[in-house]
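The values are calculated or read from the model by the stated rules, or taken from the named source; none is laboratory data. The structure presented is a predicted model; accordingly, all values stated were derived computationally and were not measured. We place every Cβ from the backbone using ideal geometry, glycine too, and count neighbours over all the protein chains shown.
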Amino acid sequence: MKQLSNQIYNYQPNNPPLADTKIDALYCRLSRDDDHYGDSSSIQTQKVMLLNYATQNGLNNPVIFVNDGYTGTNFNRPDFQKLLALIDKNLVRSLTVKDLSHFGRDYLQTGHYIENVFPDSSVRFIAIDDNVDSNNGYNEFMPFRNIMNGMLEIFQKRLEVLIKGIKTVCRQIRSVWIS
């Protein structure tokens, strides 16, 4: 396997890619960190997966963008905004993510980027686990996966409310038993 470690760097505003070289963006996101110093273990796993994919599939100018601890329900994330700025400057050849949910959970905004912004900017979009690659044409299941990710977000929030309620009731019952 080709060694890319000397070519790979996290995007820094003072260290942009060369103007005449398009990058292959590798995007990692996790909404909650796992109390690690530095990148969370999920982010580290995503980086390894994305770098392996890049190496095996000829994405020879990888640049990693990381938003650790940012929600997927909107795109107001620092490294994603830096990535968009590079796309606007026509400096991005491809964008690879682990799966659609790590890209975004708002299915309307996610769809807008995947179906409008990236094609209009000639950016190849790849979601590895969802088997999405814009070079392979339109994936008719991608919008459904995108909607499912949005539904999962709703269910997750609802479950959090239910669990909080159950914990409250359990504390109340326990205090009645103890009293």
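General observations
- Filtered by the rule that a residue be over 22 Å from ASP129 (Cβ atoms), touching a strand residue (DSSP E or B) at 6+ places or on another chain (Cβ under 7 Å) and touching a residue at least 60 places away in the same chain (Cβ under 8 Å), region 67-102 gives LYS82, LEU86, LEU91.
- Residue that is surrounded by the most Cβ atoms within 10 Å (Cβ to Cβ), among those in region 57-73 that are more than 12 Å from PHE103 (Cα to Cα) and of a type in the set (S, T, N, Q): ASN61
- Taking each residue of region 145-174 that is among the hydrophobic types (A, V, I, L, M, F, W, C) and looking for partners that are in a helix (DSSP H, G or I) and at pLDDT 60 or above with beta-carbon atoms closer than 7 Å, six or more apart or interchain, yields ILE147/TYR107.
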